[in-house]
Amino acid sequence: MVDVSEKKITERIACAQAIVVLPKEVLKALTNNDLITKKGPVFQTAIIAGVMAAKNTHELIPLCHPLPIEDVQVKISIQNSQAVIDSKVKVTAKTGAEMEALTAASIAALTIYDMCKALSHHITIKEVKLISKTGGKKDFKSN
């Protein structure tokens, strides 16, 4: 684990994104901006999974510090044949937020896959990336 004892406490905000490519069989199940499968409402479940994952990142990724997360937002939109997952994590601490945002987006994407795989195994998790982070030693914004 990295020693963060000398770091200053700052407000840290990180945003991440995951893209899930949905085949026609899955898109046919789309109703009122959500997918309903035998397991239930896919996007609402994925949002909850993403929030829970962000809060438990330190238990999933070795050497991550447990953080007092203040806010997690996960939003899912359909763009063309893709589910675009955007996550935002806010914390006031000596470290953190980016791994939590990336974990939220990743787990939400995996939840969509899990809940839709009965419709098609041609679902692709295309990318997971950090969009931005502020408040630490270095700010970051993707191009």
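The values are calculated or read from the model by the stated rules, or taken from the named source; none is laboratory data. Predicted, not measured: the structure shown is a model, and the values here were computed from it. Please note: Cβ atoms are built from the backbone with ideal geometry, for glycine as well, and neighbour counts cover all protein chains shown. The area values use the complete protein model at the heavy-atom level, side chains included, leaving out ligands, DNA and RNA. Shrake-Rupley method; radii C 1.70, N 1.55, O 1.52, S 1.80 Å.
In the stretch 82-123, what count of residues is obtained for those that are within 22 Å of GLY40 (Cβ to Cβ), over 16 Å from the mean Cα position of the chain (by Cα) and open to solvent by 40 Å² or more (accessible area, probe 1.4 Å)?
Residues in the stretch 82-123 being within 22 Å of GLY40 (Cβ to Cβ), over 16 Å from the mean Cα position of the chain (by Cα) and open to solvent by 40 Å² or more (accessible area, probe 1.4 Å): 5 in total.
For the stretch 79-94, which residues satisfy the criterion of being over 12 Å from CYS15 (Cβ atoms), part of a strand (DSSP E or B) and either among the basic types (Lys, Arg) or touching a residue at least 12 places away in the same chain (Cβ under 8 Å) (or both)?
GLN82, ALA83, VAL84, VAL91, THR92, ALA93
Given the criterion surrounded by fewer than 20 Cβ atoms within 10 Å (Cβ to Cβ), among the β-branched types (Val, Ile, Thr) and closer than 30 Å to LYS94 by Cα, identify the matching residue among THR45, THR10.
Among THR45, THR10, only THR10 is surrounded by fewer than 20 Cβ atoms within 10 Å (Cβ to Cβ), among the β-branched types (Val, Ile, Thr) and closer than 30 Å to LYS94 by Cα.
Residue under question is ILE76, and the condition is that it be in a strand (DSSP E or B), over 24 Å from ILE131 (Cβ atoms) and aliphatic (A, V, I, L, M); does it hold?
Taking the combined requirement at face value, the residue does not satisfy it.
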